[in-house]
Amino acid sequence: MTDRIVTTPSSTDQFVLSDRPAPTLSQRYRPLPDGLNTSHYTVVPAHQVRAGDVVAAFFTNGPGIRHAKHVAEAFPAHPRAFGRCTAECQACKDVPFGATDRYVCLDPADERADCVIHFRNTPVAIIPADVAACFPPLDSAPLLPDLFILDHSDYGPYEALPVSRGWGPWNALSITRDTAEQIATDLTISDANRHLTCHWLHDSLLISSDPRLRTEPGRPGHLIRPDADGRYLIGGLWQWEKWAAPSCPACSSDTEEIDIEDDTVWRCTGPDCTRRTYGTGDLDDDQDLPPYTEIDEDGATIIYHGTGEVDIEATAELAAQNTPEDDDQDVSTA
C-alpha cells in the first residue's frame, strides 16, 4: 500500500499513515491479524479513544506533516482517568504533579507493560472497535520473542519468550535448544564467562565453574533440563541485558540494521532525517564508520561518510575522474 494522508476536524496537521513495518531483528513490530491494515485506521485525539478501539500508532511532533510511529504491539484500549494506577508503574510516576487532568490512560499496567499515558489531545491512530470486531482477535497474530544479550558482551541478541514487567536481569529466560547451544558457544569467549564451562549431556546442559573457584567444592554446577515444551530456563549465572536497536542520535527515531563492508551499522528510519548510518549512538564512534557509496536517480555516484553525510570532496573528485577529457573526445572534421 501507499501512504495515506489523514486530516481531522480539530487539527490543521496532516497525518501520514505508512504501512506497518514487517518484524525484523531491529524492528519488533507484532503483526496485525490477517486482513487488518492501515486502510482501517482513523485518527482521533487520545481523549476520544473508546474501550475496544485498537491503538495502532502515534505520530511525530507537529505542526505540519506528522508521520506515524507504529506501536510495537497494537492493543485494545481500556481508557480511564489518570491516577487510578494500582501497579505504581513508572509511566504514572513520570507524570508531573498537578498536571494529571491533562493526561489520559489508554491502557492500565499489566504484568508485561506499564500504563500507556498520553496528553489528552495527542493524536492516535486507531482501528475502531466495531471494525476490529470483524477480523480475528489481536492475539491470533504471533507474539514476537524478546531479545537479550549477555551482560558486558557484544554477543547475541538471543530470542526468549516475553518476560513480565517485573522481570530482573538475574531471572531465568526461556529459550530454545538452538539458542541454548549458541549461548553455550558464545559464553566461553565472552566477557560474561567468569570461568564457566558448558557441556551437553544428551539433551541437558551442564554449566559449571572452575573447581578451584567454587565456594561449594562438591557442587558439579547447574544442570538445566528441557521443560515439557523442549525449552531451557537459564538464569542466575550472569546478568541478562535487554537488547534493542539504538535510537538515532539526531532525531531519536527507530533504526534498522544494515551491513556495510561486513560491519553492522544502523540506518535511521525517520522520513526527514539526514542520518543515513551510524553505530551505537555514540557520536564519537560514528566518526569511525566506513564510508559508503550510492547511485542517485541520475546515475551519479555519491560518496558518504559513515555518519551519512555526503563527502563532497570525494564525490567531486570521483565525478572529475569519470568526466572525459577534451583530448579524449572524438572531434568531427568537415
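The values are calculated or read from the model by the stated rules, or taken from the named source; none is laboratory data. Quick caveat: nothing in here was measured; it's all calculated off a predicted structure. Cβ atoms come from the backbone with ideal geometry, glycine included; neighbour counts cover every protein chain shown. Note: areas computed on protein heavy atoms with side chains; ligands, DNA, RNA excluded. Shrake-Rupley method; radii C 1.70, N 1.55, O 1.52, S 1.80 Å.
For the stretch 92-125, the set of residues classified as modelled with pLDDT of 80 or more, in a loop (DSSP other than H, G, I, E, B) and either crowded, with 21+ Cβ neighbours inside 10 Å or more than 24 Å from the chain's Cα centre (by Cα) (or both) consists of 115, 120, 121, listed by residue number. Here residue 81 meets each of (1) of a type in the set (A, V, I, L, M, F, W, C); (2) loosely packed, with under 13 Cβ neighbours inside 10 Å; (3) at pLDDT 80 or above with one exception, condition (3).
For residue 169, the conditions (1) touching a residue at least 60 places away in the same chain (Cβ under 8 Å); (2) part of a strand (DSSP E or B); (3) not β-branched (Val, Ile, Thr) are fulfilled apart from (2).
Of the listed requirements (1) polar (S, T, N, Q); (2) more than 23 Å from the chain's Cα centre (by Cα); (3) closer than 24 Å to residue 273 by Cβ, residue 8 misses just one: (3). The set of residues from the stretch 292-326 being assigned to a loop (DSSP other than H, G, I, E, B), modelled with pLDDT of 75 or more and surrounded by 15 or more Cβ atoms within 10 Å (Cβ to Cβ) comprises 305, 311. Among the residues of the stretch 59-68, those identified as at pLDDT below 90 and open to solvent by 60 Å² or more (accessible area, probe 1.4 Å) are 61, 63.
Taken over the stretch 102-152, the residue count meeting the criterion of being under 30 Å from residue 238 (Cβ atoms) and without any contact (Cβ under 8 Å) to a residue 40 or more places away in the chain is 1. In the condition set (1) under 26 Å from residue 228 (Cβ atoms); (2) surrounded by 18 or more Cβ atoms within 10 Å (Cβ to Cβ), residue 143 is compliant with all but (2). Entry remark, the stretch 144-155: residues being modelled with pLDDT of 80 or more and touching a strand residue (DSSP E or B) at 6+ places or on another chain (Cβ under 7 Å) number 5 in total.
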